[in-house]
Amino acid sequence: ELTAFAETHNIPVVETIAGRANLTQDHALNIGPVGVTGSDSANTIAEKADVILAIGTRLQDFTTGSWTAFAKDAQIIGLNVGRHDAMKHLSLPVVGDAKLGIAALGAGIDGYKTPAEWLDFAQSERAKWITYTDNITTPGNGPNSYAQAIRVVNDLCDPRDRIVAAAGGLPAEVTAHWQTKDIGTVDVEFGFSCMGYEIAGAWGARIAQYEREPDRDTIVFTGDGSYLLMNSDVYSSVLTRRKLIICVLDNGGFAVINKLQNNTGNESFNNLIADCPTVPEPFAVDFEAHAAAMGANAETVANPAEFAEAFKRAKAADKTSVIVMKVDAYDGWTTQGHTWWEVGTPHV
């Protein structure tokens, strides 16, 4: 319905975190993800748009860039089943189901098409972003990174494989860089930055997916911090024979929170293992051994090339596989594509 609506009226589409994989990567009207974890292309057209149709989005902090992503005089039309969300930010509210509402709105603007110059501008911005993301995700461009691991999986996975990510830096990287191969294949839980959702959520997704697409895989991107908080469903997936492919990208602690510490003018404290005052000597968790102890296939790789070979083995395996790769704690993510985000500076 969304694709048909956009095609009929030539309207560029940008996606929120929760709205990823509503359009495929190669669709001419897909201008990229918007907001704090978004793309330069989507954020550029968002700030220039005079009318914004917000479909099923809560218009929360990350989407709106703490209310800097859109022009102050832009008119938002809020199509949402929740009245509170439909009326946010002085929107013209359309209270109703997104699927039915899109059809009704389409009938109401029959014959309308976006000006050609607006669409040309949006598509030119998208082309610039694709060039940037192709560069930053290329394995070997800089130290091991989330973006490089995402690209490896993106290139090797099946179009109907399901991708799951949640808290930390990976939702931003998946949102910014994942190239959608098919509709409804990406699940990024970032509404509450829910650490630990990744493996448990993926196990649930795999149970559901198995009934319809048993030959497709559910693939997890998780940091070491989230893995440590909630990992027992590695065991559950092995026990129930609902295979997962779990990519554990180890940046030595809670590196995104460390980055926020630094960005708000503070020194690193207690987020990276190396900065914990209680650790007198070098320390790290053996994630491979831990996952193997729960019955999974597990291996540790040194770089994206080895990661690719391990991923191929995981695809061919008949049970849950865990692939561990260390990534850089400071240069392991995207620096462009972000709007403003209001983060208070702590007193101490």
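The values are calculated or read from the model by the stated rules, or taken from the named source; none is laboratory data. Note that the structure is predicted; figures quoted are calculated from it, not measured. Cβ coordinates were reconstructed from backbone atoms using ideal geometry, including for glycine residues, and neighbour counts include every protein chain displayed.
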Check your understanding: Does region 144-162 hold any residues that are more than 14 Å from F307 (Cα to Cα) and surrounded by fewer than 16 Cβ atoms within 10 Å (Cβ to Cβ), and which are they?
Key -> D158, P159
Point to revise | From the options G140, G168, residue that is touching a helix residue (DSSP H, G or I) at 6+ places or on another chain (Cβ under 8 Å), in a loop (DSSP other than H, G, I, E, B) and under 27 Å from A316 (Cβ atoms) | key: G140
Exercise for review: Could you pull out the residue among T240, T300 that is over 20 Å from the mean Cα position of the chain (by Cα), within 21 Å of I150 (Cβ to Cβ) and not small (G, A, S)?
Suggested key: T300
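Matching residues to (1) within 26 Å of N258 (Cβ to Cβ); (2) at pLDDT below 90; (3) in contact with a strand residue (DSSP E or B) (Cβ under 6 Å, 6 or more places away or on another chain):
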{"position": "N270", "(1), (2), (3)": "yes, no, no"}
{"position": "A274", "(1), (2), (3)": "yes, no, no"}
{"position": "V279", "(1), (2), (3)": "yes, yes, no"}
{"position": "D286", "(1), (2), (3)": "yes, no, no"}
{"position": "A289", "(1), (2), (3)": "yes, no, no"}
{"position": "A293", "(1), (2), (3)": "no, no, no"}
{"position": "N297", "(1), (2), (3)": "no, no, yes"}
{"position": "E309", "(1), (2), (3)": "no, no, no"}
Exercise for review: Considering only region 267-298, state which residues are surrounded by fewer than 19 Cβ atoms within 10 Å (Cβ to Cβ), touching a Ser or Thr at 6+ places or on another chain (Cβ under 8 Å) and not in a helix (DSSP H, G or I).
Suggested key: M294, G295
Exercise for review: Might you let me know whether region 23-36 holds any residue that is buried (at least 20 other Cβ atoms within 10 Å of the Cβ), touching a Ser or Thr at 6+ places or on another chain (Cβ under 8 Å) and hydroxyl-bearing (S, T, Y)?
Suggested key: no
Point to revise | Hits in region 320-348 (condition: in a loop (DSSP other than H, G, I, E, B), at pLDDT 95 or above and within 20 Å of H177 (Cα to Cα)) | key: V327
Check your understanding: Yes or no: A42 at pLDDT 95 or above and either within 23 Å of Y146 (Cα to Cα) or of a type in the set (D, E) (or both)?
Key -> yes
